[in-house]
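Engineer: If you scroll down you'll find the structure; I have some questions about it.
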Amino acid sequence: IMVVAAKENRYGHAEETVPVKKPLMVMPTLPRVLGPEDEILIPVTVFATEDGIGRVEVSIKLDGPIENISKKNIITTMNEKGERDVFFRIKAKSAVGVCKITVTAKSRKHTASETTEIAVRPVNPCIYSSEGSPLDPGKTVSFVIPDDGIEGTNFAELTISRLEKLRFNHRLAWLIRYPYGCIEQTVSAAFPQLYLKNVTDIGKADQLKVDAIVNQTIQRLRRFQTSSGGFSYWPNQNRTSEWASNYAGHFMIEAKNQGYHVPEDMFKRWIRYETRKSREADDNTFVRAYRVYLLAMAGEPSMGAMNVLKQSSLKDMNNTAKWYLAAAYQIVGAKSTAKEIMAQAGLVVADYHEFGGTYGSALRDRAIILEILTLMKDNKRAFPIFQEISKEISTDRWLSTQTTGYCLLALGKFLKYYGETGKPMKGEVILPGGDKIKFDTDKPTYSIPITEGFGEEVTVKLTSDKKAYAMLEWEGVPLREGVGTESCYLDLEVRWLDEDGMPINPISVRQGETFWGHFRVKSYYSSAIEEIALVQIIPAGWEIENIRLSGEYLPEWTKGFILNREEYVDIRDDRIMWFFDRSYRRQTFDFLVKLNAVTVGKFFLPPTKVEAMYDNRFRATVAGKEVEVIGR
């Protein structure tokens, strides 16, 4: 217990140590997470703080996707002060979810109990499938809901749409699940949520989820704002990213317009930063045009910057930048100038993919043009672009978070206009188990989430007088299959080394052993590759030792390694992620993590993965394997 006192420039303190104890106490030692089918040995320490406790019964109670594969009760005797260890063996089921483990020690007079919650988390990526069918008035269509994921990961959604084969739920789910935490991906996951209610009917519970995602994203943006008022690409960095600053500001403007609370100090600092930057000509014309468009949207137009762009740089702009500039003039009421720029702005965009910069692609730029055409209420030119983007979004083809997020934003804005002119859809959905849900909506789509009845049938009947389209989308996580070793434009080598730098086999390590994971990434690609992510999820029986906190120096045998080239490192309880760029001159990078074998048991070492976050052609994976931690 400590007391600290202060008055003017005088200070004082006092402290006293007070034991807080019971005659009988119990403490289990557990890992921070588990994987499906992991098997662990739980040491439970029983403490007696006085003599004569006597016979003690130690029991374990489990809730959630976990089972006991040993004795439920163990008897020990505590006649003197001290401690005793007993052991239980448990196994995670082929499922995911939160487990509750309660260990109780009970003597004739005393009882002690300790409860711990542990997540059983998946070790494989999510897989996706879909099935669709035309739906004629008065007719029914049935689908069998897949049941190919482990328990707790299956999720399906039935969508009835006036727009044939428009499906986007898998894209929304992927954005929300995307595992990295940069500002672009953080904003892309939340941006489409703002316009979700314009696309489909959502109930109160779903609206609360949308609100939670949007509000959490707004609060999270504080971690990225720099002292200049702009935003960094990674949390708590000092270097400002111009596109990220624009994109985050765009999200704040749209969120404010939808009625969400954006902290005024954060927003005004961003406005000041963008206004100051708009007077400079350091950035490319695309970034500058996006900036003046946003300032106009925010009600703080920078007319001088807009005029400079029009007079000095219009001929050098690509079509997408011209549409941004035209929209800025349209918003401030200079419609004749907007029309003049629009006359020079075509609808053709170059086919490209960016690793960094604006993280763009041809499809992302088409979405920007759709957004502006919707603003201009130019439905004639907007609708073909809407159809093109809808077709791409509805496929299973890989798209970056930037492309996906901006496409869904543009589709949502367009469908807000389109949905207001559509005729109502009416019908009935019969869920597994026989429950019936009627729908009657004037929105372009109607969706029903399905969280049970997997492997069974769901039926939809259309009672309105216009043809529609029914689509069942499913996602789930397989147990341990499906991720093999591959290499595409990137090479990945994984080695496990002892404390002397000698190779070891991670299939079997001894409890208490310290060792290293060494990851070497190579590429002979002729150009630079930006925004690369290297990820290793750790088995539940291993723990990461964060040498950044301990200040420990790397061993002598690492001197030949090419280390510390990452821009950002994210260390969590069960994984480590490095993010870095590769210049065309540098072909090889090395990464190290120090590990301790802590929990006795059998586990799965998940695959190691490296990928360019904005171009899926550049990737490599090393398959996972079964590993074991052996007792001392």
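Engineer: Checking MET2 against (1) under 30 Å from LYS106 (Cβ atoms); (2) hydrophobic (A, V, I, L, M, F, W, C); (3) open to solvent by 30 Å² or more (accessible area, probe 1.4 Å), which single condition isn't satisfied?
Structural biologist: (1)
Engineer: Filter the stretch 229-239 down to residues that are over 20 Å from the mean Cα position of the chain (by Cα) and closer than 25 Å to ILE331 by Cβ, then give me how many there are.
Structural biologist: 2
Engineer: Taking the criterion of being of a type in the set (Lys, Arg), at pLDDT below 95 and over 25 Å from GLU531 (Cα atoms), would at least one residue in the stretch 264-276 satisfy it?
Structural biologist: Among the residues of the stretch 264-276, not one is of a type in the set (Lys, Arg), at pLDDT below 95 and over 25 Å from GLU531 (Cα atoms), which makes the answer no.
Engineer: Ok, one more. Which residue out of LYS71, LYS22 is outside any strand (DSSP E or B) and without any contact (Cβ under 8 Å) to a residue 24 or more places away in the chain?
Structural biologist: One residue alone meets the criteria, LYS71.
Engineer: Suppose we keep only residues that are surrounded by 15 or more Cβ atoms within 10 Å (Cβ to Cβ) and polar (S, T, N, Q) within the stretch 50-75. Which one would you say is farthest from ARG510 (Cα to Cα)?
Structural biologist: Taking the candidates together, the pick is SER59.
Engineer: Something else about it: Any residue at all in the stretch 205-221 that is open to solvent by 40 Å² or more (accessible area, probe 1.4 Å), over 30 Å from MET306 (Cα atoms) and more than 20 Å from the chain's Cα centre (by Cα)?
Structural biologist: yes
Engineer: May I ask you to list pairs of residues, at least six apart or on different chains, whose Cβ atoms are under 7 Å apart, with the first in the stretch 598-611 being assigned to a loop (DSSP other than H, G, I, E, B) and the second being open to solvent by 10 Å² or more (accessible area, probe 1.4 Å) and of a type in the set (Asp, Glu)?
Structural biologist: Close Cβ pairs satisfying both conditions: VAL598/GLU543.
Engineer: Scan the stretch 114-137 and report the pairs whose first residue is free of Cβ contacts under 8 Å to residues at least 40 places away in the same chain and whose second residue is loosely packed, with under 14 Cβ neighbours inside 10 Å and part of a loop (DSSP other than H, G, I, E, B), with Cβ atoms within less than 6 Å and a gap of 6+ or a chain change.
Structural biologist: Short answer, once both residue conditions are applied: none.
Engineer: Just a yes or no: is a residue in the stretch 302-314 under 27 Å from the mean Cα position of the chain (by Cα), more than 30 Å from LEU208 (Cα to Cα) and modelled with pLDDT of 95 or more?
Structural biologist: Looking through the stretch 302-314, none of the residues is under 27 Å from the mean Cα position of the chain (by Cα), more than 30 Å from LEU208 (Cα to Cα) and modelled with pLDDT of 95 or more.
Engineer: Of everything in the stretch 579-597, what is in contact (Cβ under 8 Å) with a residue 12 or more places away in the chain and surrounded by fewer than 18 Cβ atoms within 10 Å (Cβ to Cβ)? Give them in sequence order.
Structural biologist: ASP581, SER583, TYR584, ARG586, GLN587, THR588, ASP590, ASN596
Engineer: Also, I was wondering about something else. Could you list all residues from the stretch 452-468 that are open to solvent by 20 Å² or more (accessible area, probe 1.4 Å), touching a strand residue (DSSP E or B) at 6+ places or on another chain (Cβ under 8 Å) and farther than 15 Å from GLY138 by Cβ?
Structural biologist: Those that are open to solvent by 20 Å² or more (accessible area, probe 1.4 Å), touching a strand residue (DSSP E or B) at 6+ places or on another chain (Cβ under 8 Å) and farther than 15 Å from GLY138 by Cβ: PHE454, GLY455, GLU456, GLU457.
Engineer: OK, next. Just the residues that are closer than 24 Å to MET376 by Cβ and basic (Lys, Arg), please, taken from the stretch 407-457.
Structural biologist: LYS413, LYS416, LYS443, listed by residue number.
Engineer: Specify the residue that is least open to solvent (accessible area, probe 1.4 Å); the eligible residues are those in the stretch 390-431 that are among the charged types (D, E, K, R), more than 24 Å from GLY138 (Cα to Cα) and modelled with pLDDT of 90 or more.
Structural biologist: Going through the qualifying residues, I end up with LYS413.
Engineer: Just wondering, is there one or more residues in the stretch 415-426 that are charged (D, E, K, R) and farther than 29 Å from PHE386 by Cβ?
Structural biologist: No, the stretch 415-426 contains no residue that is charged (D, E, K, R) and farther than 29 Å from PHE386 by Cβ.
Engineer: Go over the candidates PRO31, PRO43 one by one and state the one that is within 41 Å of the chain's Cα centre (by Cα), surrounded by 13 or more Cβ atoms within 10 Å (Cβ to Cβ) and part of a loop (DSSP other than H, G, I, E, B).
Structural biologist: After ruling out the rest, the residue left standing is PRO31.
Engineer: Within the stretch 150-178, which residues are assigned to a loop (DSSP other than H, G, I, E, B) and open to solvent by 50 Å² or more (accessible area, probe 1.4 Å)?
Structural biologist: GLY152, GLU164, LYS165
Engineer: Kindly check whether there is at least one residue in the stretch 529-544 that is open to solvent by 30 Å² or more (accessible area, probe 1.4 Å), part of a loop (DSSP other than H, G, I, E, B) and of a type outside the set (Ser, Thr, Tyr).
Structural biologist: No.
Engineer: If you don't mind, there's one more thing I want to ask. Return the residues of the stretch 226-264 that are open to solvent by 10 Å² or more (accessible area, probe 1.4 Å), part of a loop (DSSP other than H, G, I, E, B) and within 15 Å of ARG291 (Cα to Cα); say none if nothing qualifies.
Structural biologist: Answer for the stretch 226-264, where residues must be open to solvent by 10 Å² or more (accessible area, probe 1.4 Å), part of a loop (DSSP other than H, G, I, E, B) and within 15 Å of ARG291 (Cα to Cα): THR240, SER241.
Engineer: A further question follows. Could you give every pair whose Cβ atoms fall below 6 Å, whose first residue belongs to the stretch 79-102 and is of a type in the set (S, T, N, Q), and whose second residue is assigned to a strand (DSSP E or B) and modelled with pLDDT of 95 or more, counting only separations of at least 6 or pairs across chains?
Structural biologist: So the pair list comes out as THR102/LYS61; THR102/THR115.
Engineer: Can you work out which of the residues in the stretch 186-199 that are open to solvent by 10 Å² or more (accessible area, probe 1.4 Å) and among the polar types (S, T, N, Q) is nearest to LEU411 (Cα to Cα)?
Structural biologist: ASN198
The values are calculated or read from the model by the stated rules, or taken from the named source; none is laboratory data. All values derive from a computational prediction rather than experimental measurement. Ideal geometry is used to build each Cβ from the backbone, glycine not excepted, and the neighbour counts take in all protein chains shown. Heavy atoms of the whole protein, side chains included, go into the accessibility calculation; ligands, DNA and RNA do not. Shrake-Rupley method; radii C 1.70, N 1.55, O 1.52, S 1.80 Å.
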